[in-house]
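Working notes for the structure below.
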Amino acid sequence: MIIFCGDLHCKEESPFRESSLNFLNWLYDNYKDATIIQGGDLFDSSSHHHDLVFEVISIISKFKDFRILSGNHGISHRLGHILKPFDNYPNITVYNELSEVEIEGIKFIILPFKRSESDLHVYREIKGVWDYSLSHLTPIQESFGDEGIELSFKPRVAHVFAHIHRHREYTDNFGNNCLIAGSVVNTRHGEQDWGKYIFELSKNSYKKIEVPQLFTYENIEFGEFPENKNNILNIFNAPDKDSASELYKDYHIRDSGIAIKDAQNSNNVKDINFNKDSIISKYIEFCQLEAVSDTLKNLGIEYLSNYLEISQIKEG
């Protein structure tokens, strides 16, 4: 049996850490003898506390065969690849370059994340026939700007994309079946309503299997308490931030997730800080998630800074 799963984004903060480890343990409990192919971004960044890395390795090193595509979140010029230590385990394979493999009679071409146009050009010019392509790439149907790619060769079953967090199945402009696997846990607000699946890949078809979730994002009124203590909260009608932080100090509150009650008109006002620092920090987070080049990221920061400074002067 071959199981494919999308982005996991293991990170240290609760409840994301527990959710990621819970997924890996669930996967082992149900598919320990399968060949697991994880589509990339096993970790959220190239730098994590070693305790987290140790916990992840402790689980996946128990599988019969665990394979990982190189994604965009695990590599940095300063620290190198966070998955490098995994090469020491004979049952773990990391794909950093284009590869062709056959597993259980199924032929795959594997396309790890690449940023440079020359590498993407190689991907666009691929010729041949495989049962599946497996990639950590942005298809043009999900692209922002011009960074997307469309693979012209025809797989017998499907092109399978990781990297994009929302599951989708469609036919591309070349008539190829495409499967966007989607993330397997909630990695940020907005993903809680998206289905989370792993996929059993067979010679002629695939089957999706729902993944149980440890937490979600929950909206509550100030004074109420969540259905699940693991949930991340959006709190409405709070008298002020300090009161909400104190009442829910043992719970997870989403950043900018406190809505302050307006004493004058009793309307609910989302407490979102649209200041210069928060807007730029959100833009940087977006650039990291979408693998925007440093050149474009820095140019965007410069434009945003200048625009926000001008806006503040006009408002003043």
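Coordinate-derived values only; no laboratory data. In this text, all values refer to a predicted model and were calculated from it rather than measured experimentally. Cβ atoms come from the backbone with ideal geometry, glycine included; neighbour counts cover every protein chain shown.
Structure summary
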{"item": "C-alpha long axis of helix 50-60 to longest principal axis of the chain, angle in °", "result": "40 degrees"}
{"item": "Placed amide H near ALA259: partners under 5 Å, 5+ positions off or other chain", "result": "ILE235, PHE236, ASN237, ALA238, ASP271"}
{"item": "Positive dipole terminus of the chain, leading residue within VAL160, LEU79, PHE43 (C-beta point charges)", "result": "VAL160"}
{"item": "Burial ordering of THR171, THR93, fewest other beta-carbon atoms within 10 Å first", "result": "THR171, THR93"}
{"item": "DSSP-defined beta bridges in the chain - what % are antiparallel, rounded to 5", "result": "40 percent"}
{"item": "For the chain, calculated [θ]222 nm from helices alone, where every DSSP H run of n ≥ 4 adds -39500 (n - 2.57)", "result": "-8000 deg cm²/dmol"}
{"item": "Positive-end extreme of charge dipole, the stretch 150-268 - chosen from LEU214, TYR197, ASN230 (charges on Cβ)", "result": "TYR197"}
{"item": "Difference of contour (0.36 nm per residue) and Cα-Cα distance, LYS32 to ARG188", "result": "53.4 nm"}
{"item": "Answer label, with Cα Rg over 2.2 N^0.38 Å calculated from the coordinates and candidates [x] 0.98; [y] 1.31; [z] 1.10", "result": "[z]"}
{"item": "Rh (Kirkwood; distinct C-alpha pairs) - the stretch 217-270, Å", "result": "11.0 Å"}
{"item": "Distance violations [Cα-Cα > 24 Å] among LYS196/LYS241; LYS32/LYS207; LYS84/LYS114; LYS241/LYS282; LYS196/LYS261", "result": "LYS196/LYS241; LYS196/LYS261"}
{"item": "Relative contact order of the chain, pairs being alpha-carbon contacts under 8 Å that are 6 or more residues apart, as %", "result": "13 percent"}
{"item": "Cα-based helix-to-principal-axis angle, 294-315 vs the chain, degrees rounded to 10", "result": "20 degrees"}
{"item": "Helix axis angle, 276-289 relative to the chain longest principal axis, alpha carbon, degrees", "result": "10 degrees"}
{"item": "Cα gyration tensor category, rounded, prolate or oblate, for the stretch 76-170 with a/c compared to 1.5", "result": "oblate"}
